[in-house]
1. Applying a 10 Å radius around every beta-carbon, put 83-91, 43-51 in order of their mean neighbour count, most first.
2. Out of N42, N58, N16, any idea which swings most in a Gaussian network model of the chain, alpha carbons joined below 10 Å?
3. Go through K7/K45; K14/K53; K7/K87; K35/K70; K7/K35; K7/K91 and tell me which ones have a Cα-Cα distance over 19 Å in this structure.
4. For the chain, which GluC sites (Glu not before Pro) pass both filters: DSSP loop (anything but H, G, I, E, B) and at most 16 other C-beta atoms within 10 Å?
5. What does the charge count near A68 come to, summing +1 for each Lys or Arg and -1 for each Asp or Glu among other residues with Cβ under 13 Å from its Cβ?
6. Could you please rank K95, K7, K35, placing first whichever residue has the fewest other Cβ atoms within 10 Å of its Cβ?
7. In units of 2.2 N^0.38 Å, what is the alpha-carbon radius of gyration of the chain?
8. Give the relative contact order (percent, whole number) for the chain; include only Cα pairs under 8 Å separated by 6+ residues.
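Nothing in this text is a laboratory measurement; each read-out follows from the coordinates by a stated rule. Keep in mind that this is a model prediction, so the values were computed, not measured. Quick reminder, even Gly has a Cβ in these numbers, built from the backbone with ideal geometry, and neighbours come from all protein chains shown.
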Amino acid sequence: MGHLGQKIRELREKQNLLLRQVAAQLEVDTALISKIERGERNASKQQVIDIAKFLNANEEELSTLWLADKIESAIVEEPAIAYQAMKIANKNLKK
């Protein structure tokens, strides 16, 4: 399960909402929300924003988790060089 998916599930369950209620609000299939929660499918940036609004969640937090999941999925297949690549990216971001 991805970081974003875990957080969405936690927020949804805390509010006693069903998957189908979130899906209906976003006008998507229930299966899509389920896959997002399980980390089997990536949400779009707009879906993250819409989910945050519907669940009264911190949009920046969910967006950060979304980006962390994207970064992880991009580097997971390159563990030998991932750390070095992240160091370079971090250095460039600080500029």
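1. Working: 83-91: 10.7, 43-51: 17.2.
The densest-packed peptide leads the list: 43-51, 83-91.
2. Fluctuation is largest for N16.
3. Working: K7/K45 15 Å; K14/K53 15 Å; K7/K87 27 Å; K35/K70 15 Å; K7/K35 13 Å; K7/K91 29 Å.
With Cα atoms farther than 19 Å apart: K7/K87; K7/K91.
4. Sparse-neighbourhood loop GluC sites (Glu not before Pro): E27, E40, E77.
5. Working: positive: K7, K70; negative: E60, E61, D69, E72.
Neighbourhood net charge equals -2.
6. Working: K95 4, K7 22, K35 15.
Fewest to most other Cβ atoms nearby, the residues stand as K95, K35, K7.
7. Numbers: Rg = 14.9 Å, N = 95, 2.2 N^0.38 = 12.4 Å.
Dividing the Cα radius of gyration by 2.2 N^0.38 Å gives 1.20.
8. Working: 76 pairs, mean separation 26.8, N = 95.
Computed over the chain, the figure is 28 percent.
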